[in-house]
Amino acid sequence: MNLSLSPVTLEDAEDLVMLRIAAMRESLERIGRFDQARARERFLANFTPEYTRHIELDGIKTGFVVVKPFETGLLLDHLYIRPDFQGRGLGSRVLETVFMEADEKGLAIRVGALKGSDSNRFYQRHGFKLVEQADWDNYYLRPARV
């Protein structure tokens, strides 16, 4: 199966919001924090098309990833796969691409994960180390590789 990352535009914002809500809903409901309006508002307030890419599998948009400059490295701000495409290794394949891009530049990658979300195990399994905990999120770092 052919996996690719492609640019997004401002016109994609609403579709990305709905994908994010679908992907996060279960985790947010589990901790009593699901609020569709709040989730929409938070995403749109920080939406930057130049750092956002569609995740496509054989030409089908299955998710999106956002990687932004952050301090002395990169911030993996979002990585969402549509629920009906989860569990197929797509997230791991996207991370391989993000890691390759970061390694070429010698940059660390930081990511946050909602406490109680399966994404915590996912990021730890891929070499991220817990560096900080907040009220609702855990923050992880993958050091720069030289």
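Every number here is computed from the coordinates shown, using simple stated rules; none is lab data. Quick caveat: nothing in here was measured; it's all calculated off a predicted structure. Note: ideal-geometry Cβ built from the backbone for every residue, glycine included; neighbour counts use all protein chains shown.
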* Asked: Based on what the data block shows, is VAL94 closer than 17 Å to ARG20 by Cα, of a type outside the set (D, E, K, R) and in contact (Cβ under 8 Å) with a residue 40 or more places away in the chain?
  -> yes
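For the stretch 117-134, indicate whether the set of residues that are of a type in the set (Ser, Thr, Tyr) and in a helix (DSSP H, G or I) is non-empty.
Taking every residue of the stretch 117-134 in turn, at least one turns out to be of a type in the set (Ser, Thr, Tyr) and in a helix (DSSP H, G or I).
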* Asked: Cβ-Cβ below 8 Å, separation at least six or inter-chain, first residue in the stretch 1-15 and touching a residue at least 12 places away in the same chain (Cβ under 8 Å), second exposed (fewer than 11 other Cβ atoms within 10 Å of the Cβ): which pairs?
  -> MET1/ASP58; ASN2/ASP58; ASN2/GLY59
* Within the bounds of the stretch 75-87, is there any residue that is β-branched (Val, Ile, Thr) and touching a Leu at 6+ places or on another chain (Cβ under 6 Å)? -> yes
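Within the stretch 116-136, can you find the residues that are without any contact (Cβ under 8 Å) to a residue 60 or more places away in the chain and either surrounded by 15 or more Cβ atoms within 10 Å (Cβ to Cβ) or closer than 20 Å to GLN86 by Cβ (or both)? Spell out the reasoning first.
First, pick out the residues of the stretch 116-136 that are without any contact (Cβ under 8 Å) to a residue 60 or more places away in the chain: 120-135.
If the condition is that a residue be without any contact (Cβ under 8 Å) to a residue 60 or more places away in the chain and either surrounded by 15 or more Cβ atoms within 10 Å (Cβ to Cβ) or closer than 20 Å to GLN86 by Cβ (or both), then ASN120, ARG121, PHE122, TYR123, GLN124, ARG125, HIS126, PHE128 are the ones that fit.
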